[in-house]
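Worksheet for the structure shown next.
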Amino acid sequence: MSATVLPRQVAVAVPRRRRAVRAFLRDRMAVAGLVLLVPVVVAALWPVAWLPHPPAWSDLDARLVPPALLAGGRWAHPLGTDNLGRDILSRMMYGGRFSLFVALSAVTLAALIGVTAGVVAGYRGGLADVIVMRLVDVQLAFPLILLVIAIIAVLGTSLPMLIVVLGVPAWAHYARIIRGSTLVVVAAQYVEAARALGGRESRLIFRHVLPNLATPMVILTTFEIARLLLLESAVSFLGLGIQPPTPSWGTMIADGRNHIYEGWWVSTIPGMGIFLVVLALNFIGDGLRDVLDPRAHARRAML
Amino acid sequence: MRFLLRRFAQLLVVLLGVSVVVFGLVRLTGDPVVILLGEAATAEAVAEMRAELGLDRPIYVQYARFLGRALRGDFGLSLRYRQSALSLFVERLPATLELTAAALLLALAIGLPVGVVAALRPNSGFDGLVRGSALVGQAIPGFYLGLVAIIVFGAHLKLLPTGGRGTLAQLILPAATLAAYQIAVVARFARGAMLEVLGEDFVRTARAKGLTRARVVAGHALRNALIPVVTIVALQFGTLLSGAVVTETVFSWPGVGRLAVQAIYTRDFPVVQVTVMVTAVLFVVINLLADVVYVIVDPRIRVAD
């Protein structure tokens, strides 16, 4: 049975995937997003030993040096230094890995919980559906940042704690979207056919339902990473996220707050990092949506 | 009507869920007896205090007591101000409402016309500008925008005050900061809703009748496009409140957001609970109201239900 189905699926899937990649690369915004994102990711993963300066090293003779392109700037510190004479470029490159790591881990956690809940709700329906959807409502009723900082204030902050506190509440977005997509998939004829043929439930879910949820998942994940990056930076800005001396973009902005008169660049430059990554992710998410979900394409032409 | 009743029942369920989470948050704060008596208290004093506070009872009894008190607005005394936590919250609420209302007004005043005009000329230069700015507006962290506004308008141009509340000038920067994201959201949705309506049959009919473009847009299209926009605006209330937490901190705006952040720093848990609980309740109730308005302005929903 599966031996006859498999080759045909593969035969269809390859050209479609290639076509999707090509369509994605034709989308100017999506390519702009990639062009923005790739160097940032490379910079964030750059080995510590190869950074221009050690991120925690203070050059006390070079405090609050402006970026190189401005009057008084030096090329030894392309993006300038902070009030302790630490190189901003090195700190941003080093801090980026923490921001990205927290956001990616949190999104993974959110997807695990949310997809499970969403598939159960959509596939089972009935009471399971009602319970999951009411829990989603409860979750979405909280002003997220208040809930996050309240929990952190109670339980203390650490990298794993940050991941859990940012990731767990984000399950609700996944559950809601995946539930909707599951309903559509389950209603499709091929699922009905598989069920009529007496397919086991686990096989039905893993073989027919889950693969068809990949598209909404990929699109949602792109936007969720962006959202959680913003949230992480806000929490770190409030002093409850990644703790000094470890730099994160949010903590760097907070550090620069007290020096806006003498050195405006100390907090504005790390903020540009967050802004560009989030913008890039939004561009890519839009592009993916156009390519992977043709129905959404028609809708987005309107949005 | 049945639709609204069902929504109301859902609201009660959600509020119960919210209360469970807030109660859980209370329990997570650790043993209040230790906080009240200190680490050096004798075992008897601790046991006595526990009995007095009902902490020796089963957890569901404690929850029922918590819920009963919360319904009467009793969240305990602020540990820092020695004042009812709820009254502290209520004192600060007008400042937050002022800020969020100003931001919402700005978002509608700018986002709506910009979105509608963009929809009238899709794919024009103006349209591209609107879509691009909307993406940018949604990607800037609120606290960062606030900081940049302080640096530019406060520190360097010295045009506007950067903190406190009282004068209209003090409202401008925080309100604009908070509004930036909402302007982007409203513009995007207004554009989308308008485009969708412009493609509908009744708009084509109106045009075919020979009505002027202005009358078709104002009389037929705009009225129908506003419905989804109203809903989106109401749903943005939660985002606005979250944004207010950060904006108020950046601009030293004396609202509930800043109150909550300060309470968290000083471990003033009753105040934290009351802010989390009441904002969640406000959010849920406003969503219900949005649904009610939606049903009133769009009779089709009643039929569909």
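Quick notes
- Burial annotation for region A:248-285: residues with an accessible-area loss of at least 30 Å² between the isolated chain and the complete set of protein chains, computed on heavy atoms with a 1.4 Å probe, are A:253, A:257, A:260, A:261, A:264, A:268, A:275, A:279, A:282.
- Tensor-based shape of the protein assembly as shown (alpha-carbon gyration tensor, a/c under 1.5 rounded, otherwise prolate or oblate): rounded
- For chain A, the relative contact order comes to 23 percent (Cα pairs under 8 Å, sequence separation of at least 6).
- Backbone geometry of region A:59-66 corresponds, through the Karplus equation with coefficients 6.51, -1.76 and 1.60 at θ = phi - 60°, to 3J(HN,Hα) couplings of 9, 5, 8, 10, 8, 6, 6, x Hz, x marking Gly and Pro.
- Here region A:217-240 is scanned for amide nitrogen atoms under 18 Å from the site 7 Å beyond the Cα of residue A:158 along Cα-to-Cβ, giving A:240.
- Accessible-area loss of 50 Å² or more (1.4 Å probe, protein heavy atoms, chain alone versus all protein chains) is found in region A:108-137 for A:134.
- C-alpha long axis of helix A:2-26 to longest principal axis of chain A, angle in °: 40 degrees
- Rounded to the nearest 500, the 222 nm mean residue ellipticity of chain A from helices alone is -23500 deg cm²/dmol, with -39,500 (n - 2.57) taken per DSSP H run of at least 4 residues.
- For chain B: accessible area per residue (Å², 1.4 Å): 49 Å²
- Rounded D (µm²/s) - region B:79-229, Kirkwood Rh over Cα pairs, Stokes-Einstein at 37 °C, 0.692 mPa s: 184 µm²/s
- Inter-chain shielding of B:133-140 (mean C-beta neighbours from other protein chains, 10 Å cut-off): 5
- Interface size A-B, as summed buried accessible area [1.4 Å probe, Å², nearest 100]: 4100 Å²
- Membrane-span-like helices in chain B, defined purely by DSSP H runs whose alpha carbon atoms cover 27 Å or more axially and whose average Kyte-Doolittle hydropathy reaches 1.6, are B:2-28, B:85-120, B:269-297.
- Note that region B:56-144 carries a Kirkwood radius of 17.7 Å, evaluated over its alpha carbons pair by pair.
- Dipole orientation for chain A: of the candidates A:130, A:279, A:20, A:20 has the Cα lying most toward the positive pole (charges on Cβ; Lys, Arg +1; Asp, Glu -1).
- In a DSSP loop and with at most 11 other Cβ atoms within 10 Å, the trypsin sites (Lys or Arg not before Pro) in region B:190-249 are B:209.
- Legend: mean number of C-beta atoms from other chains within 10 angstrom of residue C-beta atoms, peptide B:6-18, equals 3.
- Exercise: per-residue mean of other protein chain Cβ atoms within 10 Å, B:144-152: 5
- Across all directions, the average flat footprint of the convex hull enclosing the Cα atoms of region B:150-192 is 3.5 nm².
- Of all accessible heavy-atom area on the protein assembly as shown, the percent that carbon and sulfur account for (1.4 Å): 67 percent
The values are calculated or read from the model by the stated rules, or taken from the named source; none is laboratory data. This is a predicted model, so every value here is computed, not measured. In this analysis, Cβ positions are derived from the backbone assuming ideal geometry, glycine residues included, and neighbour counts consider all displayed protein chains. These accessible areas exclude ligands, DNA and RNA; they are computed on the full protein's heavy atoms, side chains included. Shrake-Rupley method; radii C 1.70, N 1.55, O 1.52, S 1.80 Å.
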